[in-house]
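Working notes for the structure below.
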Amino acid sequence: MSHYQAAPAHHGPHPAGPSGRSGRAVRRPGTLTALVWTTLLSAVAAIIGAVLVFAGGEDMAEENINDVIQDHPDVVGLPSGTSAADIKALSGPIWDEMISDRAGTLSARAGFAIFTAVCLLIFALAVRKSAAVWARVLITISAVIALFPHFLILGDYEPDSVFITSLVALFTAISAIVLCWLPPVNRFARGQKATG
């Protein structure tokens, strides 16, 4: 008489395959989606602010200087009650040079903001599929570098439109840095690496 031996029934979860993979796709966390959109928003806000600066040119710089002189003459070393018209009347070439210098400062900050915004756009697109560590590291580095022109803009007497877009870009860049390293994003990246 022959007896067939049967393996004992397994009542636990299905064991992983030989490579240790369960075969199921890792679910994309909401924090990764938030990371991508926050990074994109930071980049777009910076680009909009830069375009406003380039489009405004010397007219925006002159308006900016007029506002500073009217609201805070002490910042530029003038006695209280001095108007922009008083300065223009006294020193035409000096006024023109002041406008030109201010336009150059605004343009330099805008150019730097565009550079970091383009970096953020590229790395946001790279991080969206697998949350790769290299892409998150580059987002973090780009966002930290992007903070510098925005801190300068917020600490200076910038035109209101530039101030608002810079404020949005600054807070979303900080948010992106935090979102890059939250546990759900880390787990998703590990899962993607294990299945890929």
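Quick note: the coordinates plus some simple rules give every number you see, no bench work behind them. Note that the structure is a prediction, hence the values are computed from the model and not measured. Neighbour counts run over all protein chains shown; Cβ positions are idealised from the backbone, glycine included.
Computed over neighbours whose Cβ is under 13 Å from that of GLY57, the net charge equals -3, Lys and Arg +1, Asp and Glu -1.
Sequentially through the range 107-112, phi angles give Karplus couplings (6.51, -1.76, 1.60; θ = phi - 60°) of 5, 5, 5, 5, x, 5 Hz, Gly and Pro residues having no value and appearing as x.
With each label modelled as a point 7 angstrom along the Cα→C-beta vector, the LYS129-ASP96 pair spans 5.6 nm. Counting 0.36 nm for each residue step from ILE145 to SER161 and taking away their Cα separation leaves a gain of 3.6 nm. Considering the range 126-195, its Cα convex hull presents a mean projected area of 4.9 nm². Once R0 is set to 45 Å, what does the formula 1/(1 + (r/R0)^6) return for the Cβ-Cβ distance between ARG187 and ASN66, expressed as a FRET efficiency to the nearest 0.05? Computed FRET efficiency for ARG187 and ASN66: 0.25.
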